[in-house]
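Colleague: Okay, handing you the structure first.
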Amino acid sequence: MSNDSLRETFFAECEELVEHLTEGLDALASGEWDSETIHAIFRAVHSIKGASGAFGYSDLVTFTHAYETVLDLIRSDALDITPEILRLITRASDALAVLVDTTRQEGAASLDPVRDLIAELDSTAKAVSADAPPEPDFVFAPVTLLPIEVPGDADDTPAGADAAADAGLVISFKPLASFYVNGHEPQRFLGALAELGDLSVRCDSQSVPPLDAFDFDGAYLTWHLRLLGVADADAVNDIFAFAAGLCDLEIRPVGAGEDLTDWSVAPPAAEPDTPADTLPGPDISPAVTPSPNVSAAPVPAASPAPATEKSPPAPRGANKAANPIQTTLRVDPERVDRLINSVGELIINHAVISQKLESCGVGNDSEIMAALDDYRYLAREIQEGVMSIRAQPVKTLFQRMGRVVREAADATGKPVNFISEGETTEIDKTILERLADPLTHMLRNSVDHGLESAEKRRAAGKPELGKVRLTAAHRSGNVVIEVADDGAGLDRERILAKALDKGLVLPDAKLTEAEIDNLLFAPGFSTADSITNLSGRGVGMDVVKTTIASLGGKVGISSVHGQGSTFTISLPLTLAVLDGMVIGVGEETMVLPLASVVETVRPNRSDIHEIGSGERVLSVRGAYVPVVDLAKTFGMHSAGSLKRDRSYVLLDAGGASIAVAVDSIQDQRQVVIKSLEGNYGAVNGIAAATILGDGKIALIIDSEALVELVSPRRKNRPLIELEA
Amino acid sequence: MTDDDTTDRGNIIEFVSLSAGGQGFCVEITSIREIRRWSQVTALPFSEDSVLGVMNLRGAVIPIVDLAGRLGLGTTEIGSRNIVVVVAIGSRIMGLLVDSVSEILSVNSETIRPNPTLRRDGGTSHVTGLLPVEDVMLRVLDLSALFANEGEEAA
């Protein structure tokens, strides 16, 4: 693994950790949390800190350290979660996400933007430690998780009687076999410790077996360390954070009257019969042995002492809690694509076998057919599983967007309530990743330009708290993402004036409202009178539009004066599954997205009315719906002429209804969407293709485009432009 | 992958010779993915006449183009004896319907003669050279020039 790929992994992990952090903070904000939530938040920040240190990102370490200190106080109940604190740690989490991002992109991040925040975190932490009396009992209350250590703790607390000038720690460090398997090097840790203070090291090799019993992969050595001049066990714990769970670590303060020459001999004596590789035993023996010494522990150590005793459970808790936390697997998407294709083939292959068997005269009730049914069932299951790998819920993205909105709200001083809906909507991962930039821009716009200031809102009789809503949903074969605000709506006069000013439209041009709205997407257009930090740099919505278009999507605006604007992004689901109705059109088989199908009808002849030449309408319960002959629209041969009784499928798309005349309705099923655009290009009226059970390709109809195609008057653009 | 590589390696280029619309062509072997029999395709609406439709190639949807039609040499009569040459043009995969595929030729790049015909519009022709093989002449086809605009036109 190269350093680069390690670094990639680090950042990917950071992203995951930030996600956990955000989830935890959300839980805090909603009030549904317990101590585990706090622990999870702390761990996330702590892990980022640890890993950043390993990669030498000292700025990240500095920031996470300040952050972690505050979280640690919360964790130890020394600090209550007031709304102010919650806001502080939420802001810190946002800042951390940005720092991680910047570091990833630029290799380093400047702390300048977060200096104030760090100072605030520091002062919060200081305020607490200043006015909080040493409350070791409360502090290490959670320690009772580990019953073994309770007696030790109990002895500890009343202990710290006399002060000790020469504060120090005695550390017993016994790596487990997994420590070495993970590529750790004890010397590194010792080196790091030596930087903290005066370190003496003694290696206990008593457990090394004779050569014939020696296991090369085993772990036999224990280091007994004495670190003088350091009273804070946290610093030591930080160093060992990476090896949490991979070694047995025992830290205790140096006893005042302790014999400095003999300090390390006692613990190892207990060790030979506890092979560290398997037993958690070593934890126990040193824990018991040191207790007489600890009774003489110095007073200032009172606060470190609980910390010390507390720290071993921390990594342990981390291990335990790591399971319920969702971890992810990183796989090259191409591998998944290959799987998807192979599984598709598997299903088609099933259909082929079953057809062949039938033609051999094998009955449906035979055993082989029953086995084949199992085969189909399994293949479908694999298919669903594989498909779900590629598609990912928008949740992560939306969480990130929540940060964007908070930042924007902070920067503009507008109070904003961010609402996200449809977080479980799944989109292809590639699309998801490329959506981040346009969405960021749109959300910033919504806060910066869309929402009015609190005063204006009050004046307009609206609640001061502005609303920005981000929603995702599947709609007729597309993923539709909406960014809506309840601001003033688009100021069309200003937009038009600006466009005239920039020469984007001719002075005598008569534009419809929709056309004016669309000017926002013109290159170089920016309405902000003053250039703010957030938006208004002139690279605006046109970039958004280009990005969305490159993903095969569309952006639209709707705006109501005084009530807000809604930007709608509609994206294809390249690799998603679609519920479709399989229909016969002429000699071809096609698929209609079930989402837009209202009903199917076989009307009486008298329900169909001709209007003029060729135009027909179907009367359905008193309403007249235009009839679309698919075969004719797509220029295909229709098997049956108009005289034959045909089925009609009522579609509702893009706000209009049409009745699609089809030759047959064959099936309703889930189909795998295969994009046409990669190898061919977009086809008007066709959303994508799919492969049927017999291996043939069926085209999936784009209901909305079909509606536009057959009633071009509904559109602003002439049809020719679409085909050009 | 392209000319530079092949010329560096001793000027030997491998071509696959094929015939379409009654003329002999050859295509660099590096752009050919596979050669298969004709099978039924699914027609695409609003497509050019030369685009016959799309085919399922092991789970990928690829367009099938009548090479003769694309070159303006009339329409290939479709029968079971036709051959589809699956080619990669850039990142796109498509199938070319041809009358037949004959052989693989290893030729020295120096034996390729430039195409002496000039286009009035000054554009690049999709026939980049002429290759005499025994008593026939093969046209060296530049597929990326031939399909340069494909895929954008409908978007």
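Colleague: May I ask you to list the residues in region A:548-569 that are modelled with pLDDT of 85 or more and either surrounded by 21 or more Cβ atoms within 10 Å (Cβ to Cβ) or not assigned by TED's automatic domain parsing to the domain that holds A:T440 (or both)?
Modeller: A:S559, A:G564, A:S565, A:F567, A:I569
Colleague: Which of (1) modelled with pLDDT of 90 or more; (2) more than 11 Å from every other protein chain (Cβ to nearest Cβ); (3) in contact with a Phe, Trp or Tyr (Cβ under 9 Å, 6 or more places away or on another chain) is the odd one out, the single condition B:S80 does not satisfy?
Modeller: (1)
Colleague: On to the next question. Restricting region B:10-67 to residues that are away from every other protein chain (no Cβ under 12 Å) and over 24 Å from B:V107 (Cβ atoms), which is nearest to the chain's Cα centre (by Cα)?
Modeller: B:D66
Colleague: Something else about it: Is it the case that A:E704 is at pLDDT 75 or above, away from every other protein chain (no Cβ under 12 Å) and more than 33 Å from the chain's Cα centre (by Cα)?
Modeller: Criteria not met by A:E704.
Colleague: Taking A:R492, is it surrounded by fewer than 20 Cβ atoms within 10 Å (Cβ to Cβ), under 18 Å from A:V560 (Cβ atoms), over 25 Å from the mean Cα position of the chain (by Cα) and assigned by TED's automatic domain parsing to the domain that holds A:S565?
Modeller: Numbers: surrounded by fewer than 20 Cβ atoms within 10 Å (Cβ to Cβ): yes; under 18 Å from A:V560 (Cβ atoms): yes; over 25 Å from the mean Cα position of the chain (by Cα): yes; assigned by TED's automatic domain parsing to the domain that holds A:S565: yes.
The answer is yes for A:R492.
Colleague: Suppose we keep only residues that are assigned to a strand (DSSP E or B) and within 14 Å of chain B (Cβ to nearest Cβ) within region A:626-653. Which one would you say is modelled with the lowest pLDDT?
Modeller: Just the residues of region A:626-653 that are assigned to a strand (DSSP E or B), to begin with: A:626-629, A:647-653.
Add one more test, that the residue is within 14 Å of chain B (Cβ to nearest Cβ), and what stays is A:628-629.
Working: A:V628: 87, A:D629: 84.
Ranking the qualifying residues of region A:626-653, first place goes to A:D629.
Colleague: Taking A:V18 and the conditions (1) at pLDDT 80 or above; (2) more than 20 Å from the chain's Cα centre (by Cα), which numbered condition does it fall short on, given that it satisfies the others?
Modeller: All conditions pass for A:V18, except number (2).
Colleague: Hey, another quick one. For a quick check of your reading: which helices (runs of 4 or more DSSP H) sit entirely within region A:1-116 and have at least 2 residues that are surrounded by fewer than 14 Cβ atoms within 10 Å (Cβ to Cβ) and among the acidic types (D, E)?
Modeller: Values: elements: A:3-30, A:35-54, A:58-75, A:83-106.
Once the helices (runs of 4 or more DSSP H) in region A:1-116 are filtered for at least 2 residues that are surrounded by fewer than 14 Cβ atoms within 10 Å (Cβ to Cβ) and among the acidic types (D, E), what remains is A:83-106.
Colleague: Which ones in region A:451-481 are of a type in the set (S, T, Y) and part of a loop (DSSP other than H, G, I, E, B)?
Modeller: Our first condition is that a residue be of a type in the set (S, T, Y); within region A:451-481, this holds for A:453, A:471, A:476.
If the condition is that a residue be of a type in the set (S, T, Y) and part of a loop (DSSP other than H, G, I, E, B), then A:S453, A:S476 are the ones that fit.
Colleague: Quick one: what pairs do we get from region A:364-377, first residue in contact (Cβ under 8 Å) with a residue 12 or more places away in the chain, second surrounded by fewer than 11 Cβ atoms within 10 Å (Cβ to Cβ), C-beta under 9 Å, 6+ apart or different chains?
Modeller: A:M369/A:G363
Colleague: Which residues, taken from region B:89-104, are in contact (Cβ under 8 Å) with a residue 40 or more places away in the chain and either exposed (fewer than 13 other Cβ atoms within 10 Å of the Cβ) or within 10 Å of chain A (Cβ to nearest Cβ) (or both)?
Modeller: So in region B:89-104, the residues in contact (Cβ under 8 Å) with a residue 40 or more places away in the chain come out as B:89-90, B:92-104.
B:I89, B:G90, B:R92, B:I93, B:M94, B:G95, B:S100, B:E103, B:I104, listed by residue number.
Colleague: Considering only region A:457-483, how many residues are buried (at least 20 other Cβ atoms within 10 Å of the Cβ) and at pLDDT 80 or above? Quick ask: steps written out before the conclusion?
Modeller: Of the residues in region A:457-483, the ones buried (at least 20 other Cβ atoms within 10 Å of the Cβ) are A:457, A:462, A:466, A:468, A:470, A:472, A:476-479, A:481, A:483.
Next cut, at pLDDT 80 or above only: A:457, A:462, A:466, A:468, A:470, A:472, A:479, A:481, A:483.
Here the count works out to 9.
Colleague: Still on this structure, please answer the following. Of all residues in region A:654-697, how many are assigned to a strand (DSSP E or B) and at the interface with another protein chain (Cβ under 7 Å from one of its Cβ atoms)? Steps first, answer last, please.
Modeller: Narrowing region A:654-697 to residues assigned to a strand (DSSP E or B): A:656-662, A:664-672, A:674, A:683, A:686-691, A:697.
From the residues that got through so far, the ones that are at the interface with another protein chain (Cβ under 7 Å from one of its Cβ atoms) too are A:674, A:683, A:686, A:689, A:691, A:697.
Residues meeting the conditions: 6.
The values are calculated or read from the model by the stated rules, or taken from the named source; none is laboratory data. Values in this document were obtained by computation on a predicted structure and should not be read as measured data. Counting neighbours? That spans all protein chains shown, and the Cβs are built from the backbone with ideal geometry, glycine included.
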